[in-house]
1. Hey, if you put +1 on the Cβ of every Lys and Arg and -1 on every Asp and Glu Cβ in the stretch 194-310, which of 287, 270, 218 ends up farthest toward the positive end of that dipole?
2. Could you give the length gained by full extension between residue 218 and residue 395, i.e. 0.36 nm per residue of separation minus their alpha carbon distance, to one decimal place?
3. For a quick check: with amide H placed at 1.01 Å from N, whose amide H comes under 5 Å from residue 317's, ignoring anything fewer than 5 positions away on the same chain?
4. What ³J(HN,Hα) values, in whole Hz, does the Karplus curve 6.51 cos²θ - 1.76 cosθ + 1.60 give for the stretch 417-432 when θ = phi - 60°, with x put for Gly and Pro?
5. Which trypsin sites (Lys or Arg not before Pro) in the stretch 129-184 pass both tests, a DSSP loop state and at most 12 other beta-carbon atoms within 10 Å?
6. Across the stretch 284-294, in residue order, what do the Karplus-derived ³J(HN,Hα) couplings come to in whole Hz, using 6.51 cos²θ - 1.76 cosθ + 1.60 with θ = phi - 60° and x for Gly and Pro?
7. With a cut-off of 18 Å, note down the residues of the stretch 441-466 whose backbone N falls inside the zone around a label point 7 Å from the Cα of residue 339 toward its beta carbon.
8. Give me the distance between the Cα centres of the stretch 465-519 and the stretch 264-317, rounded to whole Å.
Amino acid sequence: MTNLPTITLDTTLADLYRRASPKNANKRIAQVLCGINSASELSANVPRNAKYLYQDSPFNSIPKEGSANGHAGDRKQQQELAVKYLSLIPQRDAFISGDTAVVLFNIDETDKQKAHDKDEAHKTISVLARNQQPDLIFCPGPSKIPIKEAGIDLIAYKLVLDGLEDYDLVVPPETHWFLNSKAALAESGLPTPKSKIVELDGLAGEARLCCTLCKEDTAEFVIPQACSGGRGEWFEKQSEKIFADLKSHPLPFVLKNQQTFGGAGTYIISTEEDRDKVVQDFRDGILRKLLSSVTDSNVHLRPAALVLSDLVENPIGDYGLTFFVTDDGSDPIFLAASEQMIDDDKAWIGSTINYARQDELKRKFGALVKKIAVWLRSHGYVGPAGADVLETAPTTNGPKPNGHTANGSRREDDFSHFHVVDLNIRTSGSLCLPLLQGHFTSRGFWSGSSFSISLKKTRVEFISEFKEKFVSGQMCIISWYEDPDTGVSLADVAVGAEDQKDLTKAMKSVRDATDEVRF
């Protein structure tokens with residue numbers, strides 16, 4: 001067994017909450033950090049999110065609810081999603097949580113599975129300094145969190161799970177969902193691309209009050225194609241309206257759904273061919289599933305509204321800003337500016353950071369981060385936040401983003417060349433990078449990256465293959481889950497290097513030995 005160096009983080013989520021929220025500094029804030037799907041359950045105790053809609057890649061492709069007991073391929077897809085959302089993602093954030101409780105949900109309730117879930121998570125955090133290791137609490141699902149037994153005062157969360165509404169939360173669930181919605185950003189007054197919001201009229205109504213076909217399967221939330229009642233009529237009317245807007249909107253533009261996760265639900269439409277493809281994808285089922293998700297409980301949140309925004313052309317910089325919003329009026333805690341890696345389908349697959357440039361980038365983006373934080377705080381938010389920002393060449397001519405103060409503004413407040421294209425008001429996939437800065441730079445590594453991998457090897461075999469990098473502290477595992485049935489492992493790793501050139505080489509060596517993982 002390879003002896004791995006102890007990792008000491010610069011700070012942790014627990015530390016950041018204590019700094020950012022003095023009124024809660026003495027409270028035990030538990031972290032619920034899993035993903036969630038709005039099309040299918042992840043386990044018997046983690047049902048699909050019905051009120052708080054999130055559109056991820058599987059939302060567009062996963063089998064309908066209830067079909068997981070059918071085809072083997074459907075069960076396999078559901079199992080893979082459960083591993084990613086209930087183990088891989090929460091492990092990744094648990095790694096940086098610090099001395100607090102982190103709640104993880106069991107992938108299933110067999111003794112063998114529960115033991116395996118615990119073993120994988122504990123192995124991941126075992127490399128951390130003892131005083132930075134979280135208290136991992138495993139339970140069946142969001143409705144069964146042992147609040148009293150674990151001494152939990154408040155819960156912070158990555159995504160709003162329907163089952164969390166009954167607990168004492170750091171941020172109210174509707175506030176959290178609203179702040180992550182694309183329409184909220186478009187209407188925020190922040191420097192964003194100009195946008196048009198396509199709204200729905202009303203909602204479809206209940207299946208039990210519709211046609212015979214709908215009444216036969218009231219548990220199915222998707223409106224049947226053959227519906228002959230009011231739900232089908234409403235869907236057709238709303239679809240016609242949406243397609244008319246999509247077909248008439250001037251090119252180029254970006255189409256976004258209200259809530260996206262992992263880069264899904266965002267479409268860059270530059271040509272008529274792009275437009276035709278999106279319209280066809282929507283006709284093939286995405287739109288039906290999306291509109292069917294609007295219910296009495298969430299219609300006021302506008303979950304199926306679509307945002308059509310200007311495409312930022314000729315950007316000279318693409319940055320992912322991470323920071324922590326305070327609730328006491330103090331400045332936000334700037335954490336990092338990193339560059340994001342996406343694949344050809346615009347799905348997030350990792351991030352890179354240049355530690356030597358962080359002071360420079362903090363000066364560059366400090367005023368913008370403060371402006372975003374002020375808006376978030378005005379809605380009662382405290383916690384981690386991320387902003388995706390495109391930079392264009394400064395100019396006094398041409399269109400300005402929303403929120404730009406044109407005449408008489410001080411130069412440092414002129415954000416006309418910054419375009420906030422997305423806000424992720426939660427822990428981001430790259431949040432480990434700023435917290436690993438001291439670990440990497442003390443070893444002479446001034447560039448870093450974190451990304452997800454898939455491979456048919458065990459954790460021990462992978463560490464052995466890259467033994468020199470692990471022993472030197474150049475590489476560390478942020479999350480790991482090995483499927484005992486297939487032998488396939490999914491993982492998140494962080495890699496450091498002396499400079500960007502060496503980082504590219506180090507990343508390539510790992511990429512060549514593994515496959516990418518999409519979220």
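Rule-based calculations on the coordinates, nothing more; no lab input. As the structure is a computational prediction, the values presented were derived from the model and not from experiment. With ideal geometry, Cβ positions are generated from the backbone for all residues, glycine too; neighbour counts draw on all protein chains shown.
1. Most positive-ward Cα: 270.
2. Between residue 218 and residue 395, full extension yields 58.1 nm more.
3. For residue 317, the qualifying residues are 391.
4. With coefficients 6.51, -1.76 and 1.60, one gets 9, 10, 10, 7, 9, 6, 10, 10, 8, 5, 5, 9, x, 9, 5, 5 Hz.
5. For trypsin sites (Lys or Arg not before Pro) across the stretch 129-184 that sit outside H, G, I, E and B with at most 12 neighbouring Cβ atoms in 10 Å, the list reads 148.
6. So the J values, rounded to whole Hz, are 6, x, 4, 5, 4, 5, 5, 5, 5, 7, 7.
7. In the stretch 441-466, the label zone of residue 339 (backbone N under 18 Å from the point 7 Å along Cα→Cβ) covers 445-452.
8. Using only Cα atoms to place each centre, the spacing works out to 33 Å.
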